[in-house]
Amino acid sequence: MAQPVPSSCETLIIGAGMSGLAAGIRMAMYGHDVLIVDRHSLWGGLNSFYKKAGRPFDVGLHALTNYVDKGVRGRPLSRILRQLRIPYEALQLGQQWGSESAFPDVKLEFSNDFELLRSQVAAEFPNEIDGFDRLSRLLAEYPDLPTAGIPVMARTRLAEYLSDPRLVDLLLLPILYYGSPTPHDIEWQSFVVLWKSLYEEGFARPRGGVRTILALLRDRYRESGGGLCMNSGVAEILRSDGRAIGVRLDDGQEIRCQRILSSAGLVETMALCGPELAAEYAPAKRAGRMTFVECISLLDRPLEELGHRKTITFFNTSERLAYEPPESPFSTTSGVICCPDHYEGQEPQHEPALRLTLRAHPEAWMNMPEAEYAAQKEKAWEAGHAAILPFAPDIRPYTQFVDTFTPRTIARFTGHAYGAVYGSPQKSPEGRTALEHLFLCGTDQGFLGIVGAMLSGIAMANQHALGAAASS
């Protein structure tokens, strides 16, 4: 039975994704009257699940980054589990078999053991290993969380340590695909967070995929007394004297509150705050445009039988790294090949799968006629799987079922302008906005990935709700 929508609460959270649920758990644990509202019927946001033709699909989750063994303290994964009071065993994590960043003539393999990446750099770029070691020592000293500061781009800082642009491209390829809203580059603080997440700690996957994580968060939130109202989209953020005081839902109902945490994104949140702020934060001015097409293929046999054992391959088919919105609806010059069954101890939950992610032109997909839209999805699948043959086997003869999502899909289910996966290039590490009592959590607060999203929710709850209550 759907939960009735109350007329007031202490804290209202927009969005039942990872960051919203984590923030809600943190506040509800301490007795706060907290309500999460979401326009859709299923929680998860960018990371969710569905069935098509009776087959289960995950979206969003390629890997849980920031892997650590049980008992390791002080790391991002350990912190979120402790602060949300979720036992480590409940995630049922399996470590990656091994991944790679690959160009046609050179690649770097990496795993959850950082020494593998270092040995690969030493073998492929022996003149760069001293600079790589100095860079690694520098990054190890940085905090795990994004901090405010003067924006500096990663390529600028990397040039201080590495002189070979090919090595820089190889190191950047996975990082850009897993977190950058900016073509060809990424802000330095985000680079640091992703370096630690991907290279120092690494990938794992919960048994059962994203459903496992979402079920843990949803159940923990409800057990803690939090309210969750799905099919309850926010049409407007109510304001008075420069402060957020509540929301008006799509059906016209109003909910008053003391503060709002929004995981909808900077541009998308400000679009709800009246014409003046909506114009100042218009998508054309502030939104990111990095978005993707992803083809999920279900196969009649495991990829290992076809000679492929990599967990994730980040590939680039040209001499230099290509990471920008393409001029055509999609591009096959770079992308990600993800094999969700290639984790230790992970029994396939259904047919073996391969997920192929390609860069997409955001506007091209939005207004396509339906016939052209279907044809372009088929074209992306066929062209994409032909392009990756230097990096993966030809799965086309063994494919039983395909589903493809596009920027239009992302925009529909997340509300993100242009279907931008990583939000706006402008981040707010403190989560503050132009309105008092309105805060951001999630991607546009500067945290990245699934663990980052949950950390963001926890950090914003601690800073703007629990801290405010404790001092009042």
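No value in this document is a laboratory result; all are computed from the given coordinates. Source: prediction; values computed, not measured. Here Cβ is always computed from backbone atoms with ideal geometry, including for glycine, and neighbour counts include all displayed protein chains.
Could you calculate, for the range 289-414, the ratio of the Cα radius of gyration to the Kirkwood radius, expressed as Rg to Rh? Walk me through the numbers before you get to the answer.
Numbers: Rg = 14.6 Å, Rh = 15.1 Å.
When Rh is taken as the Kirkwood radius, the ratio is 0.97.
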Rg over Rh, two decimals, the range 410-472 (C-alpha only, Kirkwood Rh):
1.02
Tell me the label-point distance for the pair GLU115, SER8, using the 7 Å Cα-to-Cβ offset, in nm and rounded to one decimal.
6.1
Which order do LYS285, LYS107 fall in if you start with the one that has the fewest other Cβ atoms within 10 Å?
LYS285, LYS107
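Highest first, please rank the peptides 194-200, 288-294 by the mean number of other Cβ atoms sitting within 10 Å of their residues. Let's see the in-between values first.
Numbers: 194-200: 22.0, 288-294: 24.6.
Peptide ranking by packing, descending: 288-294, 194-200.
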Within a 10 angstrom radius of the beta carbon, how do CYS229, CYS339 rank from fewest other beta carbons to most?
CYS229, CYS339
Tensor-based shape of the range 213-314 (alpha-carbon gyration tensor, a/c under 1.5 rounded, otherwise prolate or oblate):
oblate
The orientation-averaged projected area of the Cα convex hull of the chain, in nm², is 21.9
Pairs over 25 Å Cα to Cα, from LYS196/LYS379; LYS70/LYS196; LYS51/LYS379; LYS51/LYS377, come to LYS196/LYS379
Quick one: what do you get for the range 99-201 if you divide its Cα Rg by 2.2 N^0.38 Å?
1.00
May I ask you to sort ARG205, ARG309 by Cβ crowding, counting other Cβ atoms within 10 Å and putting the fewest first?
ARG309, ARG205
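Only bridges with both residues in the chain count here: give the DSSP antiparallel percent, nearest 5.
70
For the chain, what does the relative contact order come out to in percent, with C-alpha contacts under 8 Å and a separation of six or more?
24
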Calculated FRET efficiency for the pair ALA371/ARG301, C-beta based, R₀ 45 Å, to 0.05:
0.85
Separation between Cα centres of the range 114-136 and the range 310-351, rounded to whole Å:
24
Using only helices, what value at 222 nm comes out for the chain when you add -39,500 (n - 2.57) per DSSP H run of length 4 or more and divide by the total residues, to the nearest 500 deg cm²/dmol?
-9000 deg cm²/dmol
So how far, in whole Å, is the C-alpha centre of the range 264-305 from the one of the range 356-379?
15
